[in-house]
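This report concerns only the one structure given below.
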Amino acid sequence: MKRASGVGALGSSLCLLAGAFGVRALYVPGLALIALATGAAIGVRLAAWRVRVTREPRVATVEEGDLLHLTLRIGAGPLPFGGSEVRAWPGATPQPLRAARRAPIDFAVQPSRRGRHLVGPSVVSFRDPFGMCARSLQSNPCELLVLPRVERIRREHLARLSGVGHDAAVRRGGVSGADVDGLRPYRVGAAASLIHWPTVARTGILLERRLCDEDERRPLVVLDVRDQSDCDALDKAVRAAGSLCVGLARLGGCSLLLPGTERAVRVGPDLAAWPTLHAALALVEPGAAPAWTPVDPVVIVILVSAERAPPSVRPHAVRPDFRASPFALERQPVLFSVCGCAVQPARLAAGAEVAA
């Protein structure tokens with residue numbers, strides 16, 4: 001608009017000079033410049049007023065590595081000028097607006113990292129043939145939540161962590177369906193296999209084994225991202241935590257404890273709680289440590305950490321059974337790898353245990 005104002009000011013000056021010095025010939029170019037500037041401004045405003053720019057979706061969620069498909073629609077009547085153009089996204093190659101109005105513009109973007117992102121608006125620009133006036137319209141930006149990628153883990157690998165199959169039979173102590181969790185007075189009608197005969201022989205009191213339900217033995221996945229400045233290692237740890245959670249949940253259920261939270265969230269085989277946790281994992285930032293809660297001793301704890309060294313030992317901390325990290329421990333066997341993280345036993349070669 002500055003050029004149009006300058007052209008109009010020049011035309012007005014010529015008209016003033018014509019009136020002041022009686023040079024009527026200056027009226028012609030003066031009035032022509034005023035008409036040109038006025039016509040350009042009105043034409044550009046009219047062209048923009050008749051255009052409607054919409055883009056869908058406005059809010060979207062995709063997983064890392066997936067494409068987000070957007071559709072730009074432009075509605076407009078006949079345009080006075082043909083110098084209008086459209087950019088589907090910031091930095092895109094402009095194309096004539098007349099061609100873009102014939103059909104919706106479909107394009108895709110691929111976010112590079114998890115978290116919240118904003119896809120810049122599409123822009124429609126208008127200008128007159130002389131370049132004196134310009135005006136633009138924008139669509140709404142797209143709010144994008146990028147979820148961490150989840151990898152499928154082989155069932156036999158998950159079984160080594162959750163105690164399914166042969167390992168479970170050893171942990172159950174020969175009792176089918178549950179873990180032994182102490183003794184209690186015998187209940188009339190209970191199976192004879194539950195009676196603890198050594199105690200009966202020693203005390204003469206009829207006691208039975210108290211069993212821990214299957215739900216109480218769910219593995220616990222703990223994500224620890226404190227003091228983490230390596231973004232790549234952090235993202236690998238977040239992906240590994242999500243992959244382990246989904247795999248173990250499909251195998252029978254598990255719980256996930258996120259940084260900064262006080263309670264672990266249970267995820268069942270139906271994965272009903274997973275979408276909320278998946279979105280929470282996308283927003284995990286470094287610095288927060290997990291707030292450990294009391295965990296039954298039979299629960300298997302899997303610590304997912306992005307640190308190069310094992311976390312320092314703290315008194316009364318829950319001791320993990322397994323550790324998953326982009327940085328493998330030396331002299332420790334690697335059970336398997338997921339999302340660039342090595343899954344290993346948490347017990348160090350020297351015999352000390354890793355604690356969070």
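The values are calculated or read from the model by the stated rules, or taken from the named source; none is laboratory data. All figures in this text were calculated on a predicted structure; none of them were measured in a lab. Cβ: placed from backbone, ideal geometry, glycine included. Neighbour counts: every protein chain shown. Accessible surface is based on the protein model in full, side chains and every heavy atom, while ligands, DNA and RNA are left aside. Shrake-Rupley method; radii C 1.70, N 1.55, O 1.52, S 1.80 Å.
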Over region 14-60 - Rg/Rh using Cα atoms and the Kirkwood inverse-distance radius
1.49
Could you please report the charge total around residue 131, scoring K, R as +1 and D, E as -1 over all other residues with beta-carbon less than 12 angstrom from its beta-carbon?
+2
Averaged per residue, what accessible surface does region 2-140 expose to a 1.4 Å probe, in Å²?
58
Keeping all protein chains in the complex and leaving out DNA, RNA and ligands, what accessible area do you get for residue 130 with a 1.4 Å probe, in Å² to the nearest 10?
140
Give me the net charge of residue 121's neighbourhood, meaning all other residues with Cβ under 13 Å from the Cβ of residue 121; Lys, Arg count +1, Asp, Glu -1.
+1
Once Lys and Arg are counted +1 and Asp and Glu -1 for all other residues with Cβ under 14 Å from that of residue 9, the total becomes +2
Spin-label proximity, residue 334 to region 237-253 - amide N less than 20 Å from point 7 Å beyond Cα toward beta carbon
237-245
Just the number, please: carbon plus sulfur as a percent of the accessible area of region 1-158, 1.4 Å probe, no ligands or DNA/RNA counted.
57
Specify which residue in the list 123, 140, 112 is farthest towards the positive end of the charge dipole of region 106-150, using unit charges on the beta carbon of Lys, Arg (+1) and Asp, Glu (-1), about the Cα centre.
112
